Amino acid sequence: MIQPLVYKFGGASIKDAKAIQRIAQLLKSRWVNNLVIVVSAAGKTTDRLEELISLSFENKEFSRPLLELMEYHLDLCKGLFEEDHSIYARVENHFAQLHRALENTAIKDNQGFFYDQIIGYGELISTRIIQEYLCLIGCSCLWQDARELISTDSHTKMAKVDWALTMQHCRKALIPKLETFPVVTQGFIGKDLQGNTTTLGREGSDFTAAILGVSLGASSVTIWKDVAGILNGDPDLFPDAVKFEYLDFEEAAEMTYYGASVIHPKTIKPLSKHGISLYVQSFLDPDKPGTVIGSFGQAPRIPITIIKNNLILIELRIRDLSMLGGFHFDYIYDVADDIHAEIQLTQAAAAHLNIVINTVSLTDEQIVKAFRDIFHVKVNRGLKLITVKNPTTVELDHYRRMEADLILEQRSLDLVQWLFKV
Ligand SMILES: Nc1ncnc2c1ncn2[C@@H]1O[C@H](COP(=O)(O)OP(=O)(O)O)[C@@H](O)[C@H]1O
Ligand SMILES: N[C@@H](CC(=O)OP(=O)(O)O)C(=O)O
């Protein structure tokens, strides 16, 4: 069989009926059997589901916002299907299940588990709508439950992928289907060995596309976004940002690590390992080339600015006055791993160490407890990290003017990072 192709569409690309019609035309003009279409929840559905989950935890009334979310999906369908189409009953049925799940007090005690059983409904519903609509316009395709493909551990809210099992499932369950029909499946969700739904972390659908791309030995993965490609800064913040035509895997991975939110940070590594090119293209202008991420070697040295908010600075001072050594670094990375915190920056001095992490769901108490055996711990919240790769005097002068709020600066030859109080 010809190598599969993976396309991924995020929430913005399917936020209303017009947007769905646009991506359906994009797909129709590129229609081939061996296409895997990974889709996220429509618009801001996942945010709405998080709000419903919080209401349910607090034993507050959630019927009204749930109804509004259902109305949003039914309205979306009205712009695409005739009144008597079976999709309406299907969507209503999903919402009835969702209502029951939100009421299920038996699983509410385990908050992470409860979250995972509910948050993926957005994807389950959106993929039904997209698959039915594609069939309606003559693009016959199959709906595939991603949980039958992506196998994970049971870690809630950010499960780890079991690559060997996932590859097995993809070969067995997906490849035979792709011989005859393209497949529409969900981003973001998987299943653990007990058969429970798991999730890959917020905005994890890009990662799903990479997992399926690797597991199927795809020829390429294309992520369709509302931007022209990867730019050297977020266009919402830097209107003059320029697009990269080519970007090396390493450079792209670094950008996502420092916080460029255009691609989920876990997406690049597996694709790079298997030499599968990643295309980032605009669903608003699909015929225009976007950015190709691959093995190109050194990228042009233009400044790249990445801004990341809501970070936590943890100041660690060694308790027994010994000097900082390899043991301390091993220790903090192990602890960070245990508490599922990602370290964004470290700065070391003789007997103390500053680390910046991005896990805001941890309380100060949890953070202090995690490190206190070895360190005195101080936690500072709500910080902004600005990272500039290949800085010129323009960026250096600009950010130096914000000195009053500067908490920490770190510089190397081709990278400057500033941590600011917001
Ligand atoms: N370096 C960058 N290049 C392009 N877009 C960026 C960059 N950094 C941040 N963005 C933002 O990423 C957004 C697209 O990502 P996202 O909204 O997560 O897409 P989706 O939900 O469709 O997966 C753009 O609208 C843009 O504002
Ligand atoms: N719907 C999920 C997963 C995702 O990746 O969405 P998007 O592709 O729209 O960022 C979320 O919002 O977290």
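The values are calculated or read from the model by the stated rules, or taken from the named source; none is laboratory data. No experiment lies behind these values; they were computed from the predicted model shown. Here the Cβ positions follow ideal geometry from the backbone for every residue, glycine too, while neighbour counts run over all protein chains shown. Ligands, DNA and RNA are excluded from the accessible area calculation, which covers all protein heavy atoms including side chains. Shrake-Rupley method; radii C 1.70, N 1.55, O 1.52, S 1.80 Å.
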Go through region 28-49 and report how many residues are open to solvent by 60 Å² or more (accessible area, probe 1.4 Å), more than 9 Å from ligand 2 (Cβ to nearest atom) and at pLDDT 95 or above.
4
Which listed residue is within 27 Å of Pro303 (Cβ to Cβ) and more than 20 Å from the chain's Cα centre (by Cα), from Asn380, Asn354
Asn354
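Which of the strands (runs of 3 or more DSSP E) contained wholly in region 305-422 include at least 2 residues that are open to solvent by 40 Å² or more (accessible area, probe 1.4 Å) and out of contact with any Pro (no Cβ under 7 Å at 6 or more places or on another chain)?
343-348, 375-389, 406-412
Select from region 1-27 the residues that are modelled with pLDDT of 95 or more and part of a loop (DSSP other than H, G, I, E, B) and write down the one among them that is nearest to ligand 2 (Cβ to nearest atom).
First, the residues of region 1-27 that are modelled with pLDDT of 95 or more: 4-27.
This time we only want the ones that are part of a loop (DSSP other than H, G, I, E, B), so: 4, 10, 15-16.
Numbers: Pro4: 20, Gly10: 3, Lys15: 9, Asp16: 14 Å.
That would be Gly10.
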Given (1) of a type outside the set (Ser, Thr, Tyr); (2) within 16 Å of ligand 1 (Cβ to nearest atom); (3) open to solvent by 60 Å² or more (accessible area, probe 1.4 Å), number of the condition Leu193 does not satisfy:
(2)
Quick one: Arg202 ticks every box in (1) modelled with pLDDT of 95 or more; (2) within 16 Å of ligand 1 (Cβ to nearest atom); (3) not acidic (Asp, Glu) except a single one, so which number is it?
(1)
Restricting attention to region 262-275, which residues are open to solvent by less than 10 Å² (accessible area, probe 1.4 Å) and either part of a strand (DSSP E or B) or under 10 Å from Phe249 (Cβ atoms) (or both)?
Ile268, Leu271
Go through (1) open to solvent by less than 40 Å² (accessible area, probe 1.4 Å); (2) not in a helix (DSSP H, G or I) one by one and return the number of the condition Asn59 breaks.
(1)
Enumerate the pairs (first residue in region 47-71 and acidic (Asp, Glu); second residue anywhere and open to solvent by 20 Å² or more (accessible area, probe 1.4 Å)) with beta-carbon separation below 6 Å, excluding pairs fewer than 6 apart on the same chain, so at least 6 apart or on different chains.
none
If only one of Ile276, Ile230 is under 17 Å from the mean Cα position of the chain (by Cα) and not assigned by TED's automatic domain parsing to the domain that holds Lys389, which one is it?
Ile230
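Scan region 90-136 residue by residue and report those that are of a type in the set (S, T, N, Q) and within 16 Å of ligand 1 (Cβ to nearest atom). Steps first, answer last, please.
First, the residues of region 90-136 that are of a type in the set (S, T, N, Q): 93, 97, 104-105, 110-111, 117, 126-127, 131.
Those that are of a type in the set (S, T, N, Q) and within 16 Å of ligand 1 (Cβ to nearest atom): Ser126, Thr127.
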Unique residue being more than 16 Å from ligand 2 (Cβ to nearest atom), open to solvent by less than 20 Å² (accessible area, probe 1.4 Å) and not in a helix (DSSP H, G or I) when the list is Ala228, Ala252, Ala218, Ala241
Ala218
Could you pull out the residue among Thr363, Thr393, Thr346 that is out of contact with any Asp or Glu (no Cβ under 6 Å at 6 or more places or on another chain), within 24 Å of Gly233 (Cα to Cα) and at pLDDT 90 or above?
Thr346
What are the residue pairs meeting all of these: first residue in region 352-375, first residue touching a residue at least 12 places away in the same chain (Cβ under 8 Å), second residue of a type in the set (S, T, N, Q) and open to solvent by 50 Å² or more (accessible area, probe 1.4 Å), Cβ atoms under 9 Å, and 6 or more apart or on different chains?
Leu353/Gln347; Asn354/Gln347; Ile355/Gln347; Val356/Gln347; Asn358/Asn310; Val360/Asn310
